[in-house]
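Here is the structure we will look at.
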Amino acid sequence: MVQDTISDMGLLDPNVRLERYEPSQEHGPAIKLALPLNSPLNAVLRDFAAVENRPIDARAMASPRNISTYFCILHDRENHKLVGIRRSAQFKAVLGARLIQFIDDSFRAVSDRVFRLDHDFDLVIVDDTVFINRVSAFELLAEVDEAVQQAALENTRQLEQTLPFIEFNGISDYVAEHKRSARIVAALRSRADLADTTVANLRRECRRSGVKVHMEDGKLVPELGQEMTFLQTLDRRRYALMLVDGRWEQYEAASRKAAGIREDEHVRRAPATRARQRGARRRA
């Protein structure tokens, strides 16, 4: 099962780099992802993988329907550790089936308990990385929804420090009650470029995407009912196009994939240029 998992995910190829898991992203069922084990979203899996000398309960098999998950732990000669985990849907699938054996020239009913293992694992933990074979199973095993909801308030406070020109009080109240927005906040906190956001650019993109905001006491405030769309704009999930003159088409992206970054040198130099022009006018 471990070999098939590693092979199917393409991890035998040293050039393969899996996309990082993001809680706000709608990943397809076939997508393979990775997430550092030290991520806050991996707290449950991290604690599970860290247990040594795990006790064995041979009587657990007496109630196989109560077993939700099975796993294996492997070590190599260099003392690297691998943990494979699988939800036990197939594991219990044959409990209600009628099974027979072909012995000599006759069929005989199988009276012993038989457990069917799966083809591969839902995820494998290798050293400091969680490799995700099935996103939906990972989210259940890692208890992602619970983790992002519990961390929602702290994540919002961290965003407030990174983006001090945004009023987050109303957003905090909204995030505390809405799971999808809590996932977006968790994704935003992991962005390395968030501090480079400017209030002017953010207001412009809100206007283009139809997100209603206003300035209050020097801070940008999304209007009531606009909290989700405002967070989507910060997370690059709302965009607008004008392909027909005079009509802005506004869209919401359930999933996104970066296609590159184009640096605009004129825009980057503009503030310094305007400052020099103002200085020249004062001297004149």
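Using a Gaussian network model of the chain in which every pair of alpha carbons under 10 angstrom is joined by a spring, one finds that among Lys219, Lys257, Lys179 the greatest mean-square fluctuation is at Lys257. Among Val135, Ile85, Gln149, pick out the residue whose Cα is farthest towards the positive end of the charge dipole of the chain, where Lys and Arg carry +1 and Asp and Glu carry -1 on C-beta, about the Cα centre. Projecting each Cα onto the dipole axis, the largest value belongs to Gln149. Pairs of C-alpha atoms in the chain farther apart than 23 Å represent 67 percent of all such pairs. For Pro36, neighbours were defined as the other residues whose beta-carbon sits under 12 Å from its Cβ, and their charges (Lys and Arg +1, Asp and Glu -1) total 0.
Dipole size of segment 151-259 about its Cα centre, with +1 on Lys/Arg Cβ and -1 on Asp/Glu Cβ: approximately 480 debye, rounded to the nearest 20. Counting charges near Ala254 (Lys, Arg +1; Asp, Glu -1) among other residues having Cβ under 13 Å from its Cβ returns a value of +3. Backbone amide hydrogens, once placed in the peptide plane, bring Thr69 within less than 5 Å of Ser88, excluding anything fewer than 5 places away on its chain. Close amide H partners of Leu220, meaning residues 5 or more places away or on another chain with modelled amide H under 5 Å apart, are Ile166, Glu167.
Here segment 2-142 yields Rg over Rh of 1.04, to two decimals, using C-alpha coordinates and the Kirkwood radius.
Highest GNM mean-square fluctuation among His80, His27, His119, for the chain modelled with Cα contacts below 10 Å: His80.
Projecting the Cα atoms of Ala187, Tyr21, Ser39 onto the dipole axis of the chain, where Lys and Arg carry +1 and Asp and Glu carry -1 at the beta carbon, places Ala187 farthest toward the positive end.
The charge dipole of segment 2-142, taken about its Cα centre with unit charges on the Cβ of Lys, Arg, Asp and Glu (plus for the first two, minus for the last two), comes to roughly 560 debye. So for segment 111-173, what percent of the C-alpha to C-alpha distances run longer than 20 Å? When every Cα pair of segment 111-173 is considered, 56 percent fall beyond 20 Å. Computed from point charges on the beta carbon alone (+1 for Lys and Arg, -1 for Asp and Glu), the dipole magnitude for the chain about its Cα centre is near 1360 Debye.
Springs join every pair of Cα atoms under 10 Å in this Gaussian network model of the chain, and among Phe138, Phe48, Phe121 the largest mean-square fluctuation is at Phe48.
Rounded to the nearest 500, the helix-only mean residue ellipticity at 222 nm of the chain stands at -10000 deg cm²/dmol, with each DSSP H run of n ≥ 4 adding -39,500 (n - 2.57). Using the alpha-carbon positions of segment 1-80, Rg (one decimal) and Dmax (whole number) come out as 16.0, 45 Å.
Read the figures in this text as sums done on the coordinates, not as results from a lab. Keep in mind that what you see is a predicted model, and the values were worked out from it rather than measured. Quick reminder, even Gly has a Cβ in these numbers, built from the backbone with ideal geometry, and neighbours come from all protein chains shown.
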